[in-house]
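Peer 1: Just passing along the structure, written as C-alpha cells.
The values are calculated or read from the model by the stated rules, or taken from the named source; none is laboratory data. Worth saying up front: this structure is predicted, and the values here are computed from it rather than measured. Cβ: placed from backbone, ideal geometry, glycine included. Neighbour counts: every protein chain shown.
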Amino acid sequence: MGEILTKISLFLILLATGGFIVYILRQQKAIYQWSYRFLLAGFAALTLQLLHGYIVLGAMPVLTLKSALAFFAWTILGAYLLFHAKFRLMILGSFISPLAAILMILSSTIPGGGVTVHPMFKSAWFPIHVWTAFMGNGMFTVAFAAAIMYLIQESQIKRKKFGSLFNRLPSLQTLDSINYYSLIYGFPFLTVGMITGAIYAQYALGSYWRWDPKEVWSLITWLFYAALLHERIAVGWRGRKAAIMSIVCFCVLLFTFLGASLWLSDYHSFKSLGGREG
Amino acid sequence: MLKILDIGMNHETAPVEIRECLVKEPGNVGKALAALRESPFIHEGLFLSTCNRVEAFVVTENPQEARRSIVSLMSSLGSIEDVRFIPNLFTFEDNEAVRHIFRVSCSLDSMVMGEPQILGQVKDAYSQASKAKTSGVVLNRLMHRAFHVAKRVRTETGISDSAVSISYAAVELARKIFHDLGGRKVLLVGAGEMAELAARHLVRQGCALFVANRTLNRAVDLARLFGGKPVAFDEMESLLLEMDIVITSTSAPGFVIGHDQVKSVLRKRRSRPLFFIDIAVPRDVEPKVNDLGNVYVYDIDDLKGVVEVNKAQRRQEALKAERIVEEEVIRFEKWLKTLQVVPTIVSLKEKAEKIRQAEVKRSLANLGDLTPEQMSRLEILTRSIAEKIMHDPILYLKRKAGRPTRDACVDMTRKLFNLDSEMEEEEEYGLSRDDSGPKRAS
C-alpha cells in the first residue's frame, strides 16, 4: 500500500515537473494547467502515503533518510501551493517542482528497510517538532527558488541583455515579495521547531541541549536566517543582496539537513534514529 | 459560382494623399454599405476603413461587374477620379481574399506588426455590415473565422507581447521592475517629445507625476499639461529620495544626475529600486549610476536596443502566425466548398417533396374517405420513400464537395434530376393533375 502510493506520487510529481519545464519552453497555458493538476494529485498521493506511514509506524515517518526526504518534498510542495494561492505565479512551479522531484527521486533510490520505532518517538512533542521544523524548510525552499529567479531577472535588466526568460519571469518586485513572505512565514516555523525540539529532548533525553552537531548546525541556520530577516526588516535590505543572502542561508540549511544528519550527528542521525533498539 | 472578392488599398500600396480622400468623412462606411447593397452583382459586402487601409470584401457571382461597382463607389466616396487610384488597388479572390482578411485581423498586415487596434476596427466594420444587413452566410462565417484566427494568434504566438516603441519599451521595463505602477512617483526632468510620451504612458498607468525644469514657469506649464506637480530643480537630492522613476531629457551639456548624488540617497531610500530613463543626448545621468544596487539606468541607445530585440522577436513570432493563418485558410476553403453543393442538395430535396405532394394529392381523390390516422400513415410512408431515394445522391454530393470533380458531379446531378428547368416542371405538375400522364400509368 505504502509502496504503491510512493510510486504513484513519484510518478505524478515527475509528470508535473516535466510539464512545468515544457511550459517554460512552450508557454502554453493548457500544459501549465495539466501540470498543476498533476502536482495537486501528486501532493495528495504523497499526503496519503505519509498518513499511511504515520499509521503503520505510529510515529512521524521521518526516521529514515528515505522517508525524511519524501517529507521534505511534501513540505516544499505544501509551501508552494500556499504561495501559489497568494501570488498566482505560474512560473514558480517550474522552479520549485524540480526541487521536490529531486528529493523524491533521491528518496526512491534509497532502499527502504524495516524500522524499529523507539517508544520515545511516540511522544506528542515529536510530530510537532518535526512538522514545524520541516515546514520552515519548505518555506525557505520557496524563498530560495524566488531568490534564484530574482537574480536571473535582475541581471537581465541590469546588463540590458534579455534572454528568453525575460518575458517569462515576473517583475523584480513580485519575486522580492515572494522571497520576503516566505522568509517571514518560514522563520516562525523554524523557531517553533527548535523550541519544541528542545522541550522534546528535555522529556525524552533528560536535557534540552546536548551539543549534538545537528543541534549546533540548526542553531547556526537559525542565526543566519535571523540575520537575513533583521537586515530585511530593520535595515531595509532588498533585491539582489537579500536574494544572495537567502541562497547562502539555504545552503547552510541543506548542509544541516543532509550533512549534519548523515556524517556528523550523534542521536539525530538517521542511522541511530532507526537503528537504536533499546 | 460564388466568389469572395477583396478590393482595396493599404499603407503599402497607396500613399497617404489617396487614402485620406477616402477616409476623411465619418459617415463613409454607411454610404459604402448602402451602395454595396444597391449593386445587383453583389450578394454580400463589408467595408473596412481605417487610417491605414480602405477595403471592400464582397461575395459575388460576377467579379468583373462587382469590381466595377466597387471602383465607382470608391471614386464617388473620395470624390476623386478612378484613374488616380486604380493603380494603387489590390484585388484578391477566394483563398487569397480569405488569407488577406485573416492576416489583417491578426495584425500581420499592419504597419506596426502585432498592434492590437486593428482587430477592434475589423469588428466594428463587421458589426456595421451586419446592422446594414449586407453580410450573409459567407461573410458571417468568414468574419467569425477571422476573429477566431486573431484570437489564436494572440494566445498561441507572442506577436504582440513586447513593446516596439521607445516610450512603451520604457514603460514595459518599469513594469518588470515595479510590477504595479499605480501610485509610483515619476519625476520628469526637462522636456522633449519622447520623454513627454513616456511620462504620459506612466500617468495612464496610475503613476503620480512631478515635473522639474530649470525655469519654474516651464515646469508649471508642463505640469499643468500632464496633470502633474511642479517641483524646484535644485531640490534634486530630496526628490531622488522620494521618486521611483526618473525620466531625464534636458539639453544640459554635462550630467544632471551624478553617481555620488544617487549613492548618497540609497541608504535613506532603504534600497527601494530606482529607475532612470535617460532620453537626453548628451546623456543626463552618469552611466556609473547603473552599477549601484537596485538602481537601473537606461539611456536612449539601451531603449533602442530593447526595441530592436522586440522587433526581431515579433518577426519570429509572425512566422508562427502565418502558419496559423494557412491552417485556417484551408479549413475555410473546405467549408466554402461544401457550401457550393448546398444549393443542389436543397433543390433535390425540394423536387422530391414536390413530386411527393402532387402524387399524394392525386391518389387521395381515388382512395375515398380516410381516417386521420390513415392520412398520417400515408404521409409518413410517402415521405420516407422520397427521403430514402434522395439519401444516396445527397451523400454522394456531400462527399464530392471537396474534390476537384465537384463541378462535374453537381452538373451531372442537376441534369439527371432535371433540376434546372424548374419552371416547366411546375407547370407540368400544375396542369396535368387530372390528365392521364405517364406517371399515372404506373
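Peer 1: Can you name the condition, by its number, that B:ASP244 falls short on among (1) more than 14 Å from chain A (Cβ to nearest Cβ); (2) among the acidic types (Asp, Glu); (3) crowded, with 19+ Cβ neighbours inside 10 Å?
Peer 2: Here B:ASP244 clears every test but (1).
Peer 1: Looking for whichever is basic (Lys, Arg) and surrounded by 14 or more Cβ atoms within 10 Å (Cβ to Cβ) here; the options are B:LYS304, B:LYS354. Which one fits?
Peer 2: Just one listed residue meets the conditions, B:LYS354.
Peer 1: More than 30 Å from B:PHE102 (Cβ to Cβ) and either charged (D, E, K, R) or free of Cβ contacts under 8 Å to residues at least 12 places away in the same chain (or both): does that describe B:ARG383?
Peer 2: Criteria met by B:ARG383.
Peer 1: Taking the conditions exactly as written (surrounded by 16 or more Cβ atoms within 10 Å (Cβ to Cβ), touching a strand residue (DSSP E or B) at 6+ places or on another chain (Cβ under 7 Å), at pLDDT below 95 and assigned to a helix (DSSP H, G or I)), does A:LYS214 satisfy them or not?
Peer 2: no
Peer 1: Take B:VAL256 and tell me if it is away from chain A (no Cβ under 14 Å) and surrounded by 18 or more Cβ atoms within 10 Å (Cβ to Cβ).
Peer 2: yes
Peer 1: Pairs needed: first member in the stretch B:276-287, under 8 Å from B:THR250 (Cα atoms); second member anywhere, of a type in the set (Ser, Thr, Tyr); C-beta distance under 6 Å; at least 6 residues apart or different chains.
Peer 2: B:ALA280/B:THR248; B:ALA280/B:SER249; B:ALA280/B:THR250; B:ASP284/B:THR248; B:ASP284/B:THR250
Peer 1: Another question, then. Would you check which residues across the stretch B:263-307 are more than 12 Å from chain A (Cβ to nearest Cβ), acidic (Asp, Glu) and within 41 Å of the chain's Cα centre (by Cα) and list them?
Peer 2: B:ASP278
Peer 1: Also, I was wondering about something else. Looking at the stretch A:102-116, which of the residues that are surrounded by fewer than 17 Cβ atoms within 10 Å (Cβ to Cβ), touching a helix residue (DSSP H, G or I) at 6+ places or on another chain (Cβ under 6 Å) and of a type in the set (A, V, I, L, M, F, W, C) is modelled with the highest pLDDT?
Peer 2: Result: A:LEU106.
Peer 1: Please determine whether any residue of the stretch A:33-46 is at pLDDT below 90 and either within 14 Å of chain B (Cβ to nearest Cβ) or in a loop (DSSP other than H, G, I, E, B) (or both).
Peer 2: no
Peer 1: Quick one: in the stretch A:170-211, which of the residues that are of a type in the set (Val, Ile, Thr) and closer than 30 Å to B:PHE178 by Cα is surrounded by the most Cβ atoms within 10 Å (Cβ to Cβ)?
Peer 2: Within the stretch A:170-211, the match that is surrounded by the most Cβ atoms within 10 Å (Cβ to Cβ) is A:ILE178.
Peer 1: Next question. In this structure, does B:LEU339 turn out to be surrounded by fewer than 16 Cβ atoms within 10 Å (Cβ to Cβ) and in contact (Cβ under 8 Å) with a residue 60 or more places away in the chain?
Peer 2: Spelling it out, B:LEU339 is indeed surrounded by fewer than 16 Cβ atoms within 10 Å (Cβ to Cβ) and in contact (Cβ under 8 Å) with a residue 60 or more places away in the chain.
Peer 1: With respect to A:SER97, determine if the residue is in contact (Cβ under 8 Å) with a residue 60 or more places away in the chain and over 25 Å from A:TYR225 (Cβ atoms).
Peer 2: The answer is no for A:SER97.
Peer 1: Please indicate, with yes or no, whether at least one residue in the stretch B:309-316 is away from chain A (no Cβ under 14 Å), more than 30 Å from A:ALA234 (Cα to Cα) and within 38 Å of the chain's Cα centre (by Cα).
Peer 2: Yes - at least one qualifying residue is present in the stretch B:309-316.
Peer 1: Hey, does the stretch B:219-241 have a residue that's within 21 Å of A:PHE166 (Cα to Cα) and either under 43 Å from the mean Cα position of the chain (by Cα) or touching a residue at least 24 places away in the same chain (Cβ under 8 Å) (or both)?
Peer 2: no
Peer 1: Sticking with this structure for a sec: Can you pull out every residue in the stretch A:118-175 that is assigned to a helix (DSSP H, G or I), within 11 Å of chain B (Cβ to nearest Cβ) and of a type in the set (D, E, K, R)?
Peer 2: A:GLU154, A:LYS158, A:ARG159, listed by residue number.
Peer 1: Sticking with this one: Are any of the residues in the stretch B:429-441 among the polar types (S, T, N, Q), modelled with pLDDT of 50 or more and exposed (fewer than 15 other Cβ atoms within 10 Å of the Cβ)?
Peer 2: no
Peer 1: Given B:ALA170, B:ALA223, B:ALA198, which one is surrounded by 15 or more Cβ atoms within 10 Å (Cβ to Cβ), modelled with pLDDT of 90 or more and in the same structural domain as B:ILE279 (by TED's automatic domain parsing)?
Peer 2: B:ALA170
Peer 1: How about the stretch B:83-179: which helices (runs of 4 or more DSSP H) wholly inside it have at least 2 residues that are in contact with a helix residue (DSSP H, G or I) (Cβ under 9 Å, 6 or more places away or on another chain), away from every other protein chain (no Cβ under 14 Å) and touching a residue at least 60 places away in the same chain (Cβ under 8 Å)?
Peer 2: B:95-105, B:117-131, B:137-156
Peer 1: A further question follows. Please enumerate the residues belonging to the stretch A:5-44 that are in contact with a helix residue (DSSP H, G or I) (Cβ under 7 Å, 6 or more places away or on another chain) and surrounded by fewer than 20 Cβ atoms within 10 Å (Cβ to Cβ).
Peer 2: Matches in the stretch A:5-44: A:LEU5, A:ILE8, A:LEU14, A:LEU15, A:ILE21, A:VAL22, A:ILE24, A:ILE31, A:TRP34, A:TYR36, A:ALA41.
Peer 1: Also: Within the stretch B:1-60, which residues are over 21 Å from B:GLU93 (Cβ atoms) and assigned to a loop (DSSP other than H, G, I, E, B)?
Peer 2: Answer for the stretch B:1-60, where residues must be over 21 Å from B:GLU93 (Cβ atoms) and assigned to a loop (DSSP other than H, G, I, E, B): B:HIS11, B:PRO15, B:LYS24, B:GLU25, B:PRO26, B:GLY27, B:THR50, B:CYS51, B:ASN52.
Peer 1: Only residues in the stretch B:354-375 that are touching a residue at least 60 places away in the same chain (Cβ under 8 Å) count as the first member; pair them with residues that are of a type in the set (Lys, Arg), Cβ under 7 angstrom, at least 6 apart or cross-chain, and list the lot.
Peer 2: B:ARG362/B:ARG433
Peer 1: Restricting to the stretch B:180-190, name every residue that is on the phi > 0 side of the Ramachandran plot and either within 14 Å of chain A (Cβ to nearest Cβ) or part of a loop (DSSP other than H, G, I, E, B) (or both).
Peer 2: Of everything in the stretch B:180-190, just one residue is on the phi > 0 side of the Ramachandran plot and either within 14 Å of chain A (Cβ to nearest Cβ) or part of a loop (DSSP other than H, G, I, E, B) (or both), namely B:GLY183.
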